[in-house]
Amino acid sequence: MRRGIEIFMIRNDKLSEECAVFGVSLRSDEAVGVTYNGLVALQHRGQEGAGIAVVKDQRIFCHKAAGLVTEVFSGDVLENLPHGSVAVGHTSYSTSGNRRPENIGPFVTEYFTGRIATAHNGAITNADEIRKQLYDSGVRFKATSDSEVISSLIVHHTLDNSNTVKGSIAAAKELRGAFSLVIATGKNRLIAIRDANGFRPLCLGESELGVAVASESCALESCGFNFVRDILPGEVIVVENGEVNSKGVLLTEKVPNRGLCIFEYVYFARPDSIIDGLSVYDARRKAGAILAEEHPVEADLVCGVPDSGLEAAYGYSQKSGITLGSALVRNRYIGRSFIYPTQAQRDAAVRLKLNVLAASIKGKRIVLVDDSLVRGTTTAKIIRNLKAAGAAEVHMRFASPPLKYVCGYGTDLDAQENLIANKMDLDKICRQIGADSLGYISMNGLVRACGNSARSFCTACFMGHQ
């Protein structure tokens with residue numbers, strides 16, 4: 001309630017990634033500015049909050065708040081943060097724990113002999129168990145986030161081992177679930193860890209500035225770092241004074257039939273990123289081509305839903321020979337969400353974000369390509385708007401299989417009973433969204449687009465937790 005008026009927030013009918021991480025160890029004291037630029041490049045992975053922690057004179061200074069990176073870090077805020085050579089940053093889309101400001105990363109944890117700042121991407125499945133163990137040993141928590149549990153666990157093991165690297169490795173061995181971590185220590189160390197399954201991406205870059213680690217390679221390149229390689233599943237990277245040291249593979253047990261979240265290629269990652277050796281752009285384009293093979297249709301125009309459906313639409317057009325065009329224009333100045341008090345205003349929100357290009361689609365049979373279908377509400381409105389603007393037919397194609405299950409590893413899906421593919425068969429979904437036909441890429445087709453069947457992916461949101 002706000003001033004006695006009930007406020008409704010419009011949530012996009014999309015999946016939402018949990019967050020992004022970025023960290024640097026530089027040869028100069030420009031870590032804050034570089035980290036800020038890295039977070040701007042990773043803004044697509046989380047829009048609810050942002051934070052940067054920087055090391056200076058064995059102390060850690062942190063600023064974080066709700067909002068976009070550019071909102072949280074005004075010029076004055078950036079100027080007032082100390083100039084240091086090591087920093088870690090975080091953009092948040094909270095999943096574990098509610099959406100409270102104290103759940104925004106990085107988390108700074110102090111102890112008798114030092115302090116660390118931890119940024120985390122993923123979700124820990126045994127976080128409640130670890131939280132209870134730490135609480136019983138005297139640790140108190142201020143937030144409800146997995147990230148705070150991880151940071152406290154690292155400190156717990158650091159005290160036992162008298163070494164932050166050994167403490168971080170010991171903590172990582174206890175964690176279950178998805179975690180890509182970047183950790184800054186008061187002694188100017190930068191530590192990066194990727195879980196043994198490699199659920200979440202993490203990569204390494206170098207330049208004359210120093211060393212950086214990031215959730216995606218696009219952030220490295222945006223900040224002037226050369227992409228070196230992906231950090232391997234289970235690998236620990238330690239950076240000190242510009243020197244990189246790999247500690248090898250963690251001794252955590254890999255979960256069978258689990259690997260990188262395949263939705264990184266479908267939706268989460270920027271198309272200019274390379275993840276585990278594969279171009280996101282190539283994967284999406286190939287998915288569109290396979291979609292055209294599996295679900296051909298006679299049509300006049302292939303159009304992608306901006307932005308994550310565009311590459312798949314290009315692939316569909318190439319394979320089918322149907323002309324590629326534009327059906328929707330995106331307003332790039334709309335914020336993260338719409339807040340409107342009436343249903344009529346909420347219905348108008350889709351037009352504010354995606355407006356129909358009537359001159360392009362009038363009288364034409366359209367193949368509309370998007371990355372995925374969650375609840376179906378936004379897709380239904382888009383199809384209605386296209387037909388109201390004169391489209392003769394709208395054939396809906398999705399570059400991922402039907403979403404039927406919730407994710408346990410940090411992807412923000414709606415409740416399982418709200419997933420349209422969990423409630424309806426394909427014919428009913430087609431009628432519900434108002435399409436003239438409907439086609440999803442097969443699971444085998446998506447895996448083929450993302451490399452080959454020999455690669456391990458997490459596909460739990462499609463296939464269930466097997």
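Coordinate-derived values only; no laboratory data. Since the structure is predicted, the reported quantities are computational estimates derived from the model, not experimental observations. We place every Cβ from the backbone using ideal geometry, glycine too, and count neighbours over all the protein chains shown.
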Computed helical MRE - 222 nm, the chain, DSSP H runs ≥ 4 contributing -39500 (n - 2.57), nearest 500: -8500 deg cm²/dmol
Cα gyration tensor category, rounded, prolate or oblate, for segment 8-255 with a/c compared to 1.5: rounded
Unit charges on C-beta of K, R, D, E only; dipole of segment 227-297, Debye: 120
Student exercise, segment 274-463 dipole from Lys, Arg, Asp, Glu Cβ charges, in Debye to nearest 20: 480
Packing rank of 184-191, 160-167, where each peptide gets the mean count of other beta carbons within 10 Å, highest leading: 184-191, 160-167
Protection proxy ranking of 294-306, 193-205 - average other beta-carbon atoms within 10 Å, highest first: 193-205, 294-306
Cα-centre dipole for segment 8-255 with unit charges at Cβ (Lys and Arg positive, Asp and Glu negative), debye to 20: 480
Unit charges at the beta carbon, dipole of the chain: most positive-side option, Ile231, Ser246, Ala389: Ala389
Eligible lysines near Lys64 by straight Cα distance, threshold 23 Å, same-chain separation 8 or greater: Lys56, Lys142, Lys187
Where Cα atoms sit under 12 Å apart: lysine pairs in segment 274-463 separated by 8 or more or lying on different chains: 5
